[in-house]
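> A single structure is presented below for examination.
The values are calculated or read from the model by the stated rules, or taken from the named source; none is laboratory data. Only a predicted model underlies this, so the values are computations on that prediction, with no experimental measurement involved. Counting neighbours? That spans all protein chains shown, and the Cβs are built from the backbone with ideal geometry, glycine included. Side chains included, ligands, DNA and RNA excluded: accessible areas come from the protein's heavy atoms. Shrake-Rupley method; radii C 1.70, N 1.55, O 1.52, S 1.80 Å.
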Amino acid sequence: MASQNPIVVASAKYPKPAERTFQYGTAGFRMKASLLDSVVYRVGLLAALRSRKLNGQRIGVMITASHNPPEDNGVKLVDPMGEMLEGSWETYATTLANAPSDQALLEIYDKLTSDLNIKTENKARVVFARDTRASGPRLVSALLAALEASGTEYTDYKLLTTPQLHYITRCLNTKSTPYEYGEPTEQGYYQKIAAAFKAATGTRKFNGPVTVDCANGVGGPKLRELIKYLSSASEGGLEIKVVNDNVVEPERLNHQCGADFVKTNQRPPPSSHAAPSARCASLDGDADRLMYYFNDSDSSFHLLDGDRIATLAALFIGDLARNAGLGEKIKVGVVQTAYANGASTSYITQDLRLPVVCTPTGVKHLHHAATRFDVGVYFEANGHGTVVFSDLALKRIGKYEPQSPAQASALDTLRALTALINQTVGDALSDLLLVEVILAHKAWGPKEWHLTYTDLPNRLGRIEVADRNIFKTTDAERKLESPPGVQAQIDALVGKYKNGRSFVRASGTEEAVRVYAEAATRGEADDLAAKVADVVK
Ligand code: 16G
Ligand code: ZN
């Protein structure tokens with residue numbers, strides 16, 4: 001009898017809330033945790049299908065809602081190489097999540113199995129982890145029910161940052177191959193990063209400590225763990241001051257702290273008491289975003305966001321490749337979104353003379369575009385990003401025989417960076433150490449870093465509209481093609497401002513539309529944003 005099928009039996013314990021339509025968004029499913037049990041159960045089934053389809057390669061499942069408030073949670077899948085789930089499978093996730101009954105769910109599951117030619121005799125293997133949210137353990141039990149009902153082998157990695165799970169997934173799937181990535185354990189992650197950090201730093205000195213706000217999320221305990229593997233300040237290592245690492249009171253998560261708070265409010269967390277010009281950084285709730293900032297001696301606040309990290313990394317890696325004698329053989333490129341400050345784009349193209357590609361918002365788009373360069377540096381302005389090295393670039397960097405001591409030194413640093421950087425996805429811990437290495441090499445403080453170019457004043461607004469789905473974009477989200485006529489009105493407004501630029505897009509994570517504007521002065525940027533908002537309302 002069909003009703004005795006284990007998938008149906010277990011599904012009955014995780015009923016789908018009626019009247020709810022779920023969508024696998026930019027970063028998986030994300031919403032109030034109380035609504036998420038059926039979704040997590042069904043995502044577990046999809047992970048099993050995905051693994052069977054890929055002949056038993058490990059698929060990762062991460063339970064987190066990143067920078068969202070503590071009462072939210074979310075779930076997303078990680079593909080075998082540690083990348084985000086392939087786009088076409090997002091649709092299957094949405095279909096499974098919206099199956100109206102347990103029986104309908106089984107029918108969709110079976111139909112996907114046959115439509116996608118999935119061999120049911122293949123093994124299914126899943127690895128999973130969660131952030132520190134209170135709802136995490138309950139959602140893990142929904143996931144386990146699905147893995148058991150679908151006959152899936154699994155490993156529970158308990159609490160991890162999102163990028164740690166991406167790292168482990170890739171390690172497991174490349175073990176004993178020429179593409180081996182590292183030890184598939186949390187300890188292996190720290191060992192790899194710590195050794196690479198030491199090698200990349202060499203004999204350079206750090207200019208004082210860095211204070212890291214961990215958003216009271218999983219990044220706190222994990223950063224404390226990582227520090228145990230690094231040289232201490234008394235041994236000439238980096239001093240890292242950990243703040244906002246309270247994970248005992250879950251309601252503190254992302255509250256008045258963290259990378260999203262700092263970027264959105266353009267000010268340090270109220271708990272911050274950093275001295276003038278001291279380096280400060282903030283992670284987000286699952287430690288895949290990083291922001292730097294500092295207060296000047298006149299106490300003005302300066303943000304060093306994803307654009308700044310991208311430009312710093314591109315500058316340094318471009319120089320290293322040239323100094324190593326690989327300038328002609330390794331082409332560095334940068335990937336940004338429309339949110340990148342126009343001044344950063346000009347700096348990359350005109351001063352660094354590197355190519356820039358613009359993609360729609362969302363890590364998967366940037367990551368994909370970055371893999372087309374030998375070395376692709378990608379960052380969203382919100383602090384999510386990394387650097388990816390192509391197989392060819394890795395081979396060239398690995399095999400090149402340096403022709404001088406200067407080339408040898410640059411090459412050593414470049415090699416160390418390929419291990420320090422988490423190439424699977426943006427990783428705040430790995431990015432933090434990358435920035436620290438670069439600043440140490442350049443003997444720069446945050447001020448010198450900030451002086452590389454001057455941001456155009458900008459404003460980001462959020463507008464609630466009746467139906468955000470009518471806002472359709474083209475040209476990497478820089479232009480609206482619907483509703484008709486709106487883009488022409490925006491263009492007319494933009495034309496009135498010096499260095500004006502503005503665009504409107506529907507959020508992929510909230511019921512709202514976002515308006516971005518930049519212009520030559522603060523007043524003009526604010527004015528342009530307000531006028532464009534009026535057009536959209
Ligand atoms: C998600 C994306 C992030 C993007 C943000 C945009 C991933 C892992 N995360 O958090 O990259 O910046 O959505 O949000 O892809 P929005 O669509 O609401 O503006
Ligand atoms: Zn995040």
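> When only the heavy atoms of the protein chains count and the probe is 1.4 Å, how do Ser272, Ser11 rank by accessible area, highest first?
Descending order: Ser272, Ser11.
> A follow-up question, please. Summarise the accessible area of region 178-258 (1.4 Å probe, protein heavy atoms) by the percent that is carbon and sulfur.
Within region 178-258, the accessible surface is 50 percent carbon and sulfur.
> Using only the C-alpha atoms of region 199-336, find the volume of their convex hull and express it per residue in Å³.
For region 199-336, the hull spanned by Cα atoms encloses 140 Å³ per residue.
> Keeping all protein chains in place, calculate the accessible area per residue for region 51-203 (probe 1.4 angstrom), answer in Å².
The answer is 39 Å² per residue.
> Right, here's the next one. Averaging over every viewing direction, what projected area does the convex hull of the Cα atoms of region 324-365 cover, in nm²?
Averaged projected area of region 324-365's Cα convex hull equals 3.7 nm².
> Here's something else I'd like to know. Along the principal axes of its C-alpha atoms, what lengths does region 134-206 span, in descending order and rounded to whole Å?
54, 35, 13
> Based only on Cα atoms, what mean projected area does the convex hull of region 83-208 have, in nm²?
With the hull built on Cα positions only, its mean projection is 11.7 nm².
> Now a separate question. Taking all protein chains in place and a 1.4 Å probe, what share, in percent, of the accessible surface of region 280-412 do carbon and sulfur account for?
50
> Calculate I(q)/I(0) for region 339-403 by the Debye formula, one identical point scatterer on each C-alpha and no solvent, and give its log10 at q = 0.14, 0.19, 0.20, 0.27 Å⁻¹ to two decimals.
Ignoring solvent entirely, the Cα scatterers give -0.48, -0.79, -0.85, -1.20.
> Alpha carbon centre of region 414-458 versus region 144-207: separation in Å?
The two parts, judged by their Cα centres, are 21 Å apart.
> What does DSSP give for region 16-81 in terms of the percent of beta bridges that are antiparallel, rounded to the nearest 5?
Given both bridge residues lie in region 16-81, the antiparallel proportion sits at roughly 90 percent.
> Counting only DSSP beta bridges with both residues in the chain, what percent are antiparallel, rounded to the nearest 5?
Percentage antiparallel, nearest 5: 60.
> A further question follows. Go ahead and estimate [θ] at 222 nm for the chain from helices alone: -39,500 (n - 2.57) per DSSP H run with n ≥ 4, summed, over the residue count, rounded to 500.
Estimated from H runs of four or more residues: -12000 deg cm²/dmol.
> Counting heavy atoms of the protein chains only and a 1.4 Å probe, report the per residue accessible area for region 335-461 as a whole number of Å².
That works out to 36 Å² per residue.
> With charges only on Cβ, +1 for K and R and -1 for D and E, what is the dipole size of region 273-313 about its Cα centre, in debye, rounded to 20?
That gives a dipole near 140 debye.
> For region 486-529, what log10 I(q)/I(0) values come out of the Debye formula at q = 0.34 1/Å, with one point per alpha carbon and no solvent?
Calculated log10 I(q)/I(0) at the listed q: -1.15.
> Okay, moving on. To two decimal places, what compactness ratio does region 388-505 give when its Cα radius of gyration is scaled by 2.2 N^0.38 Å?
In units of the globular-protein estimate, region 388-505 measures up at 1.64.
> Also, quick follow-up: Not counting ligands, DNA or RNA, and with a 1.4 Å probe, what is Phe206's accessible surface area in Å² rounded to the nearest 10?
40
> To continue, here is another question. Could you size up the charge dipole of region 190-273 around its Cα centre, putting +1 on the beta carbon of Lys and Arg and -1 on that of Asp and Glu, and report it in debye to the nearest 20?
That gives a dipole near 360 debye.
> Using a 1.4 Å probe on the protein heavy atoms only, what accessible surface does Ile227 show? Give it in Å² to the nearest 10.
50
> Still on this structure, I have one more. Quick one: pull the percent of accessible area on region 24-70 belonging to carbon and sulfur, 1.4 Å probe, ligands and nucleic acids left out.
The C+S portion of the solvent-accessible surface of region 24-70 is 49 percent.
> Using +1 on the beta carbon of Lys and Arg, -1 on that of Asp and Glu, and nothing else charged, what's the dipole of the chain about the Cα centre, debye to 20?
It works out to roughly 680 debye.
> Given an 8 Å cut-off on Cα distances and at least 6 residues of separation, report the relative contact order of region 236-331 as a percent.
Relative contact order for region 236-331 comes out at 17 percent.
> Could you rank Tyr154, Tyr24 by how accessible they are, 1.4 Å probe, largest area first?
Tyr154, Tyr24
> Still on this structure, please answer the following. Work out the FRET efficiency for Asp156 and Glu235 from their Cβ-Cβ distance, taking R0 = 45 Å, and round it to the nearest 0.05.
Efficiency, from the Cβ-Cβ distance: 0.80.
> So how long is each side of region 279-368 along the principal axes, counting just the alpha-carbon atoms, biggest first, in Å?
On the principal axes, region 279-368 reaches 43, 32, 25 Å in Cα extent.
> Report the normalised scattering of the chain as log10 I(q)/I(0) at q = 0.06, 0.08 Å⁻¹, calculated by the Debye formula with identical scatterers on the alpha carbons.
With one equal scatterer per Cα and no solvent, log10 I(q)/I(0) is -0.29, -0.52.
> Could you work out the relative contact order of the chain? I mean the mean sequence separation of Cα pairs under 8 Å and 6+ apart, divided by the number of residues, in percent.
In percent, rounded to a whole number, it is 12.
> Right, next: Modelled label-to-label distance, Lys175 and Glu511, 7 Å Cα→beta-carbon offset: nm?
Taking the simple label geometry, Lys175 and Glu511 are separated by 4.5 nm.
> Please report, in whole Å³, the volume per residue of the convex hull around the C-alpha atoms of region 299-415.
Output value, Cα hull per residue: 110 Å³.
> Same structure, new question: For the full complex of protein chains and a 1.4 angstrom probe, list Lys13, Lys222, Lys479, Lys192 by accessible area with the highest value first.
The residues order as Lys13, Lys479, Lys192, Lys222, largest area first.
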